[in-house]
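Below is one structure; the comments refer to it alone.
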Amino acid sequence: MKTNGALFLLVAIAFSCLAWAEGTGNTPPLRHMTMQEAVQLALKHNHVIRIASYTVEEKQHEKEIAKSSYFPSIRNDSSFLHVTDTQLVEINAGSLGVAGGTQIPPVSSIINQGGRSLTTSGTQITQPLTTLLKIKRANDMARAEVKASREKAQLTGNDVALAVHQVYYKILIAQAHRSATEARIKASENLQSERVEQVKFGSTLEQDLIDSRAQFLQAKQELLTTDLQLSDLNLKLNDLIGLPLTTALDLDPTVAEFQPTCVREECVRAATASHPEILAARAEVEKAQAAARLAKTDIWVPDVEGFARYSYANNVPFLARNFGTFGIHFGFDVFDSGRKKASLRERESQLSQAKENLAKLTDEVELAVQTAYNKLDRTQQMLKVSEEVVALRTESNRVMEQKMLQGAALNSQAANTTAQQYDAKALLLQSQLDFLQAHDELLNAIGRTPD
């Protein structure tokens, strides 16, 4: 359906934008912006979306950390020590025997074991063996977290785009209402002038003059309220799309046409199959399943690692200066006070929570789709009614203009009829934008980004 086909809507919007710019005094130049430009700016600069993208980046690096555990690690440990004293070894004369009448050793000797300053350095490569099973579970958890963070980031983008659409529509509606309010003010001014003259000639009561004055003041109050609402909405839109809050915006009132998204049943199926919130919940279930499998593996799988080490020693007693070490390291918790079993039960509880959350979100998404579809039907009916009202008000205004030419109507009556036509046009615009917003909400409920 095309929402920009009626010329009078564009004229009303343009008039209201001009009046708004003139009424604010010295304002900065307006920045023209379309709906699509506003959405693209929000997707690029909005703080919430940028935080979500950084979260995805964080989870991606966590996944890389978990993946690195598959590969062997190389580590160097070096130490420099100084001891206050060492154990001396004394060899008495002749304690090793006698050869040719000569004692071995001929005199008593004292041998020092190494030195007081010791240096050790070793470089070891370690490859996990049975722990590869545990590492796989940890990698599954990290992979699920990355998937969940991406889906949540997509959901955040959808929500921000929908918020931009909603504020954009509210500004256009408020601008249209401002034009209608100005028309009512003009009608009230004409009526006030006529009542003043009628009171002078005694053809009307002073009470009618007071009523017309009250109507004029009420219209002025409504105009001030609308101006305040427009100011707040512009601040909110600037904040959403990441522009300076004082940026003056000239919003393009034309909105692209759209085709019906899908029938009700197809929309529900599409939402439950691809909605980012449901996909993120499924990823959380995968993460909880991987965590439960890790807890089970941790109970019965020992830690077995193969290692090779090259060592350097200086002044260390009984060790060669350079030597190698090869072996297998085996570790198993014989008794842990029930820690691992409790951890397994904790992971199983988290898995049950994740599954229940997935079921809850599936029901909520289906409810949101049904609600949005119902709103789309209602707003479409309201749009048809608004179009009929505009047609009637336009015809009424035409008849009143003819009466004015014939001298059978007052200026205040003609101005009031024009104001009613402006009100009808504003309501039609609101109905059109409400219909568009209902379509955007349906897209968001399905899990798609409003354009």
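The values are calculated or read from the model by the stated rules, or taken from the named source; none is laboratory data. Owing to the predicted nature of the structure, the values given are computational and were not obtained by experimental measurement. Note: ideal-geometry Cβ built from the backbone for every residue, glycine included; neighbour counts use all protein chains shown. In case anyone asks, the SASA skips ligands and DNA or RNA and just uses the protein heavy atoms, side chains included. Shrake-Rupley method; radii C 1.70, N 1.55, O 1.52, S 1.80 Å.
Any lysines with Cα under 19 Å of the residue 375 Cα? List them, leaving off those in the same chain fewer than 8 positions away. List returned: 2, 170, 384.
Partner lysines whose Cα lies under 19 Å from the Cα of residue 136, excluding those fewer than 8 positions away in the same chain, are identified as 59, 63, 67, 147, 287, 296, 340. The alpha carbon convex hull volume per residue for region 264-334 rounds to 172 Å³.
In the chain, the calculated helix contribution to ellipticity at 222 nm averages -24000 deg cm²/dmol per residue, counting -39,500 (n - 2.57) for every DSSP H run with n ≥ 4.
Here the mean projected area of the convex hull built on the C-alpha positions of region 234-307 is 12.6 nm². Rg then Dmax, both in Å and based on the Cα atoms of region 300-451: 39.3, 126. Local charge for residue 371 was computed over the other residues whose Cβ lies under 14 Å away, with Lys and Arg +1 and Asp and Glu -1, and equals -3.
Selection among 315, 399, 369 by position relative to the dipole of region 310-413 gives 315 as farthest towards the positive end (Cβ unit charges, Cα centre). Excluding residue 125 itself, calculate the net charge of residues whose Cβ lies under 11 Å from the Cβ of residue 125, where each Lys or Arg counts +1 and each Asp or Glu counts -1. Its environment carries a net charge of +1.
When region 72-174 is described by a simple charge dipole with +1 on each Lys and Arg Cβ and -1 on each Asp and Glu Cβ, the residue from 95, 162, 80 located farthest towards its positive end is 162. Approximating the spin labels as points 7 Å out from Cα along Cα→Cβ, the residue 95-to-residue 312 distance works out to 3.5 nm. Computed over the Cα atoms of the chain, the ratio of the radius of gyration to the Kirkwood radius (Rg/Rh) comes to 1.36. Diagonalising the gyration tensor over the Cα atoms of region 363-451 and scaling each eigenvalue by 5 before taking the square root yields semi-axes of 41, 10, 8 Å, largest first.
Taking all pairs of distinct Cα atoms, average 1/r, flip it, and tell me the Kirkwood hydrodynamic radius of region 123-163 in Å to one decimal place. After inverting the pairwise mean of 1/r, the radius is 12.9 Å.
Report, for the chain, the % of DSSP beta bridges that are antiparallel, rounded to 5.
Details: 36 of 39 bridges.
Around 90 percent antiparallel, to the nearest 5.
Amide hydrogen proximity for residue 130: with H placed 1.01 Å from N in the peptide plane, the residues at 5 or more positions away or on another chain lying under 5 Å are 304. Taking 0.36 nm per residue of separation and subtracting the Cα-Cα distance, full extension of the segment from residue 121 to residue 353 would add 78.5 nm.
Where the accessible area of region 241-328 is counted over protein heavy atoms with a 1.4 Å probe, how much of it, in %, is carbon and sulfur? Write down the numbers at each step before the final one.
On the way: 2640 of 4580 Å².
Accessible surface attributable to carbon and sulfur in region 241-328 totals 58 percent.
Solvent-accessible area per residue in the chain equals 57 Å², computed with a 1.4 angstrom probe and all protein chains kept. For residue 301, no residue 5 or more places off, or on another chain, has a built amide H under 5 Å of its own. Counting charges near residue 434 (Lys, Arg +1; Asp, Glu -1) among other residues having Cβ under 11 Å from its Cβ returns a value of +1. Give the shape of region 300-353 as rounded, prolate or oblate, defined through the alpha-carbon gyration tensor: a ≥ b ≥ c are the square roots of its eigenvalues, a/c under 1.5 means rounded, and otherwise the shape is prolate if a/b is larger than b/c and oblate if not. Because a/c hits 1.5 or more and a/b exceeds b/c, region 300-353 counts as prolate. Evaluating 6.51 cos²θ - 1.76 cosθ + 1.60 at θ = phi - 60° for every residue in region 136-146, the Karplus couplings come out as 4, 4, 5, 5, 4, 5, 5, 5, 5, 5, 5 Hz, glycine and proline recorded as x. Distance from a point 7 Å along Cα→Cβ of residue 364 to each backbone N in region 263-301: keep the residues under 19 Å and list them by number. Residues 268-288 qualify, since their backbone N sits under 19 Å from the label point.
What dipole magnitude, in Debye to the nearest 20, does the chain give about its Cα centre under +1 on Lys/Arg Cβ and -1 on Asp/Glu Cβ? It would help to have the intermediate numbers written out before the result.
Values: 48 positive and 53 negative charges, 291 e Å.
Dipole size: approximately 1400 debye.
Please check the chain for the longest run free of chymotrypsin sites (Phe, Trp or Tyr not before Pro) that are loop-located per DSSP (anything but H, G, I, E, B) and have at most 16 other Cβ atoms within 10 Å.
71-257
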